[in-house]
Amino acid sequence: MQFDDVIETRRSVHQYADDDIDDDVLRELLEQATFAPSSYNLQPWEFLVLRDEESKRRLREVAHGQEHVTDAAAVVVVLGNLDPSAHAERIARDKFEKGYLPDEDAVESQLETIERRAEGPREARRRWTRQSSTLAAMTLMHAAWNREIASCPMGGFDAEDLREAFDVSEEYEPVMLVTLGYPAEDAPDLERPRKLRRPVEEVVHFESFDPAVRPDAPPADD
Ligand SMILES: Cc1cc2nc3c(=O)[nH]c(=O)nc-3n(C[C@H](O)[C@H](O)[C@H](O)COP(=O)(O)O)c2cc1C
């Protein structure tokens, strides 16, 4: 598929065919997801892949009973590591060896910066890990649709229940669920016209931010 088509025709799909996703294809998708950018290249994401019926059933319970969790061939739970220093040493060394960092001092300085962040408030680390892990989730969805495998991103789940159901420690933030599967024939989500997109003129602000254009806002009181 052309990249423009991948972007413009991807939809959140809720109806899936019974076909499984081949192991090698699934691996390729997950590998492509790892090409997503991340803060300091720290790649805080982990992917918990659920394919068997019992696992998907347990996931559905923590996802407010949403049916596409069990209908999809696979669901990927995107987890974000809350410790920025988890892989920092290896990643900083690689940057030095490849010329992205000029010398040992630069490596040490970068590691110290990351260490400070690692000791920062949990809420700041949650935000940090979500930013990068969400980009991995989006990359996964584009990689999938490029192979005509549909997906649906899902934030509708209880993070604490998910931790408990799948034994995920407090060190990881459950960021997003991504269902994956070949779409059902005539899947309504692919047949219907695309949902409204706010026009680019409305959402883009050059040089200064003035979100004044709100066509559906009630008139302001004088
Ligand atoms: C952060 C986030 C959370 C979402 N949560 C859910 C969800 O829990 N269940 C669901 O069916 N769709 C969920 N969606 C999918 C949205 O409903 C969908 O992306 C939106 O309606 C636009 O449709 P489209 O993706 O087909 O363009 C979520 C999307 C995002 C980005």
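If you go through the stretch 162-192 and keep only what is under 18 Å from residue 67 (Cβ atoms), of a type outside the set (D, E, K, R) and either open to solvent by less than 20 Å² (accessible area, probe 1.4 Å) or more than 16 Å from the ligand (Cβ to nearest atom) (or both), you end up with 162, 165, 177, 178, 179, 180, 181, 182, 187.
The criterion of at least 1 residues that are buried (at least 17 other Cβ atoms within 10 Å of the Cβ) and among the hydroxyl-bearing types (Ser, Thr, Tyr) is met, among helices (runs of 4 or more DSSP H) falling completely within the stretch 3-91, by 53-62, 68-71. If you go through the stretch 125-162 and keep only what is hydroxyl-bearing (Ser, Thr, Tyr) and closer than 16 Å to residue 28 by Cβ, you end up with 139, 151.
Among the residues of the stretch 116-161, those identified as under 20 Å from residue 82 (Cα atoms), away from the ligand (no atom under 12 Å from the Cβ) and charged (D, E, K, R) are 116, 117, 119, 122, 123, 125, 126, 127, 160, 161. Within the stretch 141-163, the set of residues being in contact with a Leu (Cβ under 6 Å, 6 or more places away or on another chain) and either without any contact (Cβ under 8 Å) to a residue 40 or more places away in the chain or over 12 Å from residue 175 (Cα atoms) (or both) comprises 143, 144, 149, 151.
The lone criterion from (1) within 21 Å of residue 154 (Cα to Cα); (2) within 16 Å of the ligand (Cβ to nearest atom); (3) of a type outside the set (Lys, Arg) left unmet by residue 4 is number (1).
The values are calculated or read from the model by the stated rules, or taken from the named source; none is laboratory data. Remember, predicted model here, so these are calculated numbers, not experimental data. Here the Cβ is made from the backbone with ideal geometry for all residues, glycine too, and neighbour counts use every protein chain on show. Note: accessible area is taken over every heavy atom of the protein model, side chains too, but ligands, DNA and RNA are not part of it. Shrake-Rupley method; radii C 1.70, N 1.55, O 1.52, S 1.80 Å.
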